[in-house]
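The values are calculated or read from the model by the stated rules, or taken from the named source; none is laboratory data. Not measured: the values here are computed from a predicted model. Every residue, glycine among them, receives a Cβ derived from its backbone with ideal geometry; neighbour counts consider all protein chains shown. In case anyone asks, the SASA skips ligands and DNA or RNA and just uses the protein heavy atoms, side chains included. Shrake-Rupley method; radii C 1.70, N 1.55, O 1.52, S 1.80 Å.
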Amino acid sequence: MNFNKLFFCLLYSFSLPAFALSSTEIVKQLEYNAAHHPIIKQVKARKDLFTWELWSKPHGGQAYLQTQQIPHSDVLFAYNPYKKFAVFRSQDAGKSWSALDSLLSMHELVNIDDHTLLAISGSRIYLSKDQGEHWSPSSMGIPQSSFYVEHAYVVSPKIIYLSDINDQKSYYSKIYRSMDGGASWEPAILGLNANHGVQAFNAKDNLALAIQDTKNDNVSELYLSTNNGAFWKKVRDINAHSYSLHILINSKNEVFIQGDDNLYQTNISGSDWKQIKLDFLKGRFVRTIKMDPQDRLYIVAQGNKDAALYRSDNQAANWESLSVQSGWITDFTLLDTGGILLATNTAILLSDASQKNYTKVFDDNRVSMQRLFVSNDTAFFWDDVNLYCSVDAGKNWQLSYHLNGYFSSPIVNFNSKFLLADNKEILARDEVKSTWSKVYSFSTLYPNLYHYKNSLIAYGRKGAYTTTDLAHWSKISDNDIRSIYRNDAAIYTTDRYSIMKSSDEGSHWQNILTIPSDDPGPMTVNYRIDILTGTGTTLLAAVSGAGIIKTIDGGNDWQLINDGIEDWNFNSLIAINDNFYVLATMHNIYYTMDGGSHWLPASNEFADNAVELSWDRDNLYAEVNELGIFKTKLMP
């Protein structure tokens, strides 16, 4: 069969022998599948095969709690930007909290005046005129289908800015403004570089400051507007990483720009600069920086295992520690009373007027997990930024490592060491020790890890490398790689749309399958190859929007094995042996005992929550967001 052909079976209630399709027919079949996507049904699971029990419910995982107070009132908000049904409101200055039903999710909340609030949820803008009790949409002028709004800045009840609006088509963030209190919006980009993203922003009175990134990762550009964002002019370059910039403007129109370990102070025109070294960080990074009405500066310094809140009463000349918390400090709000509402990864703390004595007033004990790794009694789970470890089979969990970059790599056990990939580095931890140390660093690769027998493969958007001793690495591919599988005969890799095969350890690659790319039309179908796995010469691939495809001859002939699967948004696919596979989707967990000819639900308990599957020799684990980690025995 040529590279662009698949073998498909008729779906759902019956199955016919596989038949060859041309690439045009493949597109038609996939489009038909997407147009006739089945309704999710509740089917009774086989309890005799999968009996799930709660194995562990770790308290932690990054909740990213944020806080906000309505000025001159006892109304406070706590919200999780990355979850629905996670907006909470207090009407008694933080002593008690209740879930807010009228606004199910938001990731930014700002005050327009003492009664009016603006909330952002994705590309949607909402306004409330009654201190957050009721909400109405206010997104006129924002192209909601392709934009994602990050931050809002209120200059006056009439003038409001939106910044870091990520245009998902061009991937460049923009600035919008409203001159009518959020009723309508318009772009405010004249004079800015259209090909650079907005990294930091702030505004006061008729002044506005914006920092844009450049092609140089260590240099950004500062722009100034003196007419409410109608036109911008470049002030100067900023020597700092673009991902760590913040802008503050005090009551004297003095500007503070935080970047890396430095704080830059200047006048509003940017003509006079002073650099202040933040020596108290000591290896930590600045998570956020704020200023109170008295021009005092506050900084959250985040480390690997704890975070500290610092205050300066004299324009950054001296700093005083106000609070140290284990894990994360995700946000803080300076209250009218002089106290601080401090958000950690799972709780809200309230200080007295001294800002040094804290009492827990809210606890979010839901678990936020990305993936799980279990090896005997040692287990790890992680979210986007933190890695947690248990050495007693999930009974107790401790923060093990704070991640410097976006972390999606699985942990592997290689040469009696646990390994993880963080940013461009490979880190190792002995099985009996708790500290992680760097064993290798790549110049361009942001790797994932794959372990097969005596070799380790690091792969990512810039190719793939292999090693047998962690000290010497050989490049085996230049392709962008999303997932990988190998057996004794070949290495298989996939990007979004193609599967490649190498039978000579990466010296030569052959394209064995190509699926249609995303349809650019109005009925967009997001086809993409998410997962590669298999056993021996049997190879399985999960194709979002299409289903599970399988080959038993190393990639020559393929067939679609969807019978019984009613959701094509895939999280995990595990091959236990040649016939026994387990699949986690967005809505259910399925299994097959006949190589994929028929799939049955493995659980009805985790609807809309199943995140990831993992397994060891005896057990299958389901990491279920907010509910915990569940375990079931694997059949002999």
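What is the gain in length, in nm to one decimal, between K57 and K290 on full extension, counting 0.36 nm per residue of separation less the C-alpha to C-alpha distance?
Working: separation 233, 0.36 × 233 = 83.88 nm, distance 3.45 nm.
Contour length minus the Cα-Cα distance gives 80.4 nm.
Please give the contour-minus-distance gain from D504 to S102: 0.36 nm per residue of separation, less the Cα-Cα distance, rounded to one decimal in nm.
On the way: separation 402, 0.36 × 402 = 144.72 nm, distance 5.90 nm.
The D504-S102 span can extend by a further 138.8 nm.
Anything over 32 Å Cα to Cα? Flag those among K174/K356; K417/K631; K233/K424, in the order listed. Walk me through the numbers before you get to the answer.
Working: K174/K356 39 Å; K417/K631 25 Å; K233/K424 36 Å.
Violating the 32 Å limit, Cα to Cα: K174/K356; K233/K424.
Enumerate the calculated ³J(HN,Hα) couplings along the range 315-325 in order (Karplus 6.51 cos²θ - 1.76 cosθ + 1.60, θ = phi - 60°), each rounded to whole Hz, writing x wherever the residue is Gly or Pro.
6, 6, 6, 9, 10, 10, 6, 9, 6, 10, 10
Which order do H508, H72 take when ranked by solvent-accessible area (1.4 Å probe, heavy atoms of all protein chains), largest first? The partial results should precede the final answer.
On the way: H508 130, H72 150 Å².
Solvent-accessible surface, decreasing: H72, H508.
Take the Cβ-Cβ distance between D616 and N227 as r, set R0 to 45 Å, and report the resulting FRET efficiency rounded to the nearest 0.05. Provide the component values of the computation, followed by the final result.
Details: r = 63 Å, r/R0 = 1.41.
Result of the calculation: an efficiency of 0.10.
About the Cα centre of the range 366-517, what is the dipole size in debye to 20, counting +1 per Lys and Arg Cβ and -1 per Asp and Glu Cβ, all else neutral? Each step should come with its number before you reach the end.
Values: 16 positive and 15 negative charges, 42 e Å.
In total the dipole reaches around 200 debye.
Points 7 angstrom from Cα along the Cβ direction at E254 and K282: gap in nanometres?
2.7
How much area per residue is accessible in the range 91-135 when the probe is 1.4 Å and only protein heavy atoms are counted (Å²)?
Working: 2010 Å² over 45 residues.
Per-residue value: 45 Å².
Taking a probe of 1.4 angstrom, what is the accessible area of T378 in Å², to the nearest 10?
T378 has an accessible surface of roughly 20 Å² with all protein chains in place.
Run the 1.4 Å probe and let me know the accessible area of M179, rounded to the nearest 10 Å².
90
Need the full-extension length gain, D594 to S326, defined as separation in residues times 0.36 nm minus the C-alpha distance. One decimal, nm. Walk me through the intermediate numbers first.
Details: separation 268, 0.36 × 268 = 96.48 nm, distance 4.83 nm.
Result: 91.6 nm gained on full extension.
To the nearest 10 square angstrom, how much accessible area does D272 have with a 1.4 angstrom probe?
100
Along the charge dipole of the range 182-252, pointing to its positive end and built from +1/-1 on Cβ of Lys, Arg, Asp and Glu, which listed residue (W185, G197, S225) has its Cα farthest out?
It is S225.
Given labels modelled 7 Å from the Cα in the Cβ direction, how far is it in nm from N569 to Y497?
Label-label distance for N569 and Y497, simple model: 2.3 nm.
Compute the FRET efficiency between K417 and A353 as 1/(1 + (r/R0)^6), taking r as their Cβ-Cβ distance and R0 = 56 Å, and round to the nearest 0.05. Don't skip to the answer; put the middle values down first.
Numbers: r = 50 Å, r/R0 = 0.89.
Working from the Cβ atoms, E equals 0.65.
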